[in-house]
Amino acid sequence: MDRFVYADNAATTQVSPQVFDAMVPYLKDHFGNPSSIYKLGRDASKDIEAARVKVAAALNAEPREIFFTSCGSESDNWALKGAMQLMSKKGKKHLITTVIEHHAILHTAQALERQGYEVTYLPVNDMGLVSAEDVKKAIRPDTALVSVMYANNEIGTIQPVAEIGKICHDAGVLFHTDAVQAIGAVEIDVKAQNIDMLSLSAHKFHGPKGVGAFYCRKGLVLPNLIDGGGQERSKRAGTENTAYIIGLGTAIEIACANIAEKNARLIPMREKLIDTILTTIPRCRLNGDREKRLPGNVNISFEGVEGESLLLMLDMNGICASSGSACTSGSLDPSHVLLAIGLVHEVAHGSLRLSLSDVNTMEDVDYILEKLPPVIEKLRAMSPLWERINKG
Ligand code: PLP
């Protein structure tokens, strides 16, 4: 194996050295319980609050609007279940979301349906874009909440979040966005974009796994997520995961400090991958919008190729990639996102997601471009499906 290229940053990212260094003291000497009144505890509490300020600054929110959670999925659950429970007291039991959401949203919406709530799942166009006009048309007098992801984890399509936020607010409907894939990739301003609730997760931007945050606009008082002690203003009890919260704060500060600069490096890498693959490998197609796209996302389907085999052969060449979302790998069901943008099962199965982060280099891209074409050729040579495609 000549090189190791990690190109699965939408699944998770490596903790950066700065984040690691920031966390270590809290696993060693700064171990105090943030609720304790002596200095060791008070210092930990102060540092958690400093991390909260960093998360708030990244979103143009106020620190008291930020709650630390254990992951993006937890934040998504809190948003949907909390808002629906709150609004049902006013007789509003209708939720609008989209067919391409992450399972943290889709399965939560399905759980709500089982409890008697009504859910509208909006379709997307063949680029994976949700129409703001469709959101407007779907809003009813009993609509409580709209939840549309900021950017898709599989195909990278970035949604018209500000436009949807305005429609929701004009209609008096709450708006939540799952921004797990968007942090550090696009500029987010919860106030300007009329976002009432937002979910994020540290491990997608070089922070640790198992810590997330939930933005909830002040004035919107959701039911408690975990009852217990007074942590997180009594809304989400449990002794804080101090080291990981510090890691999240450090990671978000770095990720959001130089978005334009980072994208100026990432986009040429993405474009080289897309252009070269599309022009040198026959019968493949780009999934997702070409322009409204996460700067590090490449998602391409290859006819006559089986995704799992493609991933294994890339792995043998030292390349880590994905064929769908991390949560669906291991399952042979084709991705719900790829089906939603109109791909047939066989083509959806042959899809490859390469997701870059700011630690990737043009040498990584060249390495992928050297290894991928012969791998595709080899797989196609063994594929009865490819034989059939060739025979028309
Ligand atoms: N939402 C999106 C869009 C994601 O991509 C993910 C993770 O892949 C999640 C939610 C879940 O985040 P976590 O793994 O922190 O629970």
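The values are calculated or read from the model by the stated rules, or taken from the named source; none is laboratory data. Source: prediction; values computed, not measured. Heads up, the Cβs are rebuilt from the backbone with ideal geometry, glycines too, and the neighbour counts pull from every protein chain shown. We work out accessible area using only protein heavy atoms, side chains counted, and drop any ligands, DNA or RNA first. Shrake-Rupley method; radii C 1.70, N 1.55, O 1.52, S 1.80 Å.
Data table
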{"read-out": "With Cα atoms, 0 to 90° folded angle of helix 161-170 axis to the chain main axis", "value": "40 degrees"}
{"read-out": "Helix 362-381 axis, angle to the chain major axis (alpha carbon atoms, nearest 10°)", "value": "50 degrees"}
{"read-out": "Among THR143, SER357, LEU266 - extreme Cα towards positive end, dipole of the chain, charges at beta-carbon", "value": "THR143"}
{"read-out": "Computed helical MRE - 222 nm, the chain, DSSP H runs ≥ 4 contributing -39500 (n - 2.57), nearest 500", "value": "-12500 deg cm²/dmol"}
{"read-out": "Positive-end residue of LEU339, THR98, SER45, charge dipole of the chain with Cβ unit charges", "value": "SER45"}
{"read-out": "Mean-position separation - Cα centroids, region 128-159 and region 1-37, in angstrom", "value": "33 Å"}
{"read-out": "Relative contact order of region 4-138, defined on C-alpha pairs under 8 angstrom at six or more residues apart (%)", "value": "13 percent"}
{"read-out": "Angle in degrees between helix 103-114 and the longest Cα principal axis of the chain, rounded to the nearest 10", "value": "60 degrees"}
{"read-out": "Charge dipole (debye, nearest 20) of region 64-205; +1 at Cβ of Lys and Arg, -1 at Cβ of Asp and Glu", "value": "560 debye"}
{"read-out": "Accessible surface, region 1-96, averaged per residue in Å² (probe 1.4 Å)", "value": "50 Å²"}
{"read-out": "Simple Cβ-charge dipole of region 4-135, Lys/Arg +1 and Asp/Glu -1, about Cα centre, in debye nearest 20", "value": "700 debye"}
{"read-out": "Most mobile listed residue (ILE155, ILE252, ILE274) in the chain, GNM with C-alpha springs under 10 Å", "value": "ILE274"}
{"read-out": "Candidates ALA58, ALA257, ALA162: whichever shows maximal mean-square fluctuation once the chain is modelled as a Gaussian network with Cα springs under 10 Å", "value": "ALA257"}
{"read-out": "Furthest towards positive pole of dipole, LEU222, ILE254, ALA7, structure part the chain, Cβ charges", "value": "LEU222"}
{"read-out": "Net +/- balance of residues flanking ALA381 in space, Cβ distance below 15 Å, scoring K and R +1, D and E -1", "value": "+1"}
{"read-out": "Heavy-atom accessible area per residue - region 346-385, 1.4 Å, Å²", "value": "42 Å²"}
{"read-out": "Highest-MSF residue in the chain out of LEU352, LEU248, LEU369 [GNM, Cα springs under 10 Å]", "value": "LEU369"}
{"read-out": "DSSP bridge orientation in region 168-239 - percent antiparallel, rounded to nearest 5", "value": "50 percent"}
{"read-out": "The chain - share of DSSP beta bridges that are antiparallel (%, nearest 5)", "value": "50 percent"}
{"read-out": "Accessible area in square angstrom per residue, region 214-264, 1.4 angstrom probe", "value": "44 Å²"}
{"read-out": "Unit charges on C-beta of K, R, D, E only; dipole of the chain, Debye", "value": "980 debye"}
{"read-out": "Taking the chain and dividing mean pair separation by its residue count, relative contact order in percent (alpha carbons under 8 Å, at least six apart)", "value": "22 percent"}
{"read-out": "With DNA, RNA and ligands ignored, accessible area of ASP8 (1.4 Å probe; Å², nearest 10)", "value": "20 Å²"}
{"read-out": "Share of carbon and sulfur in the accessible heavy-atom surface of the chain [1.4 Å probe, %]", "value": "55 percent"}
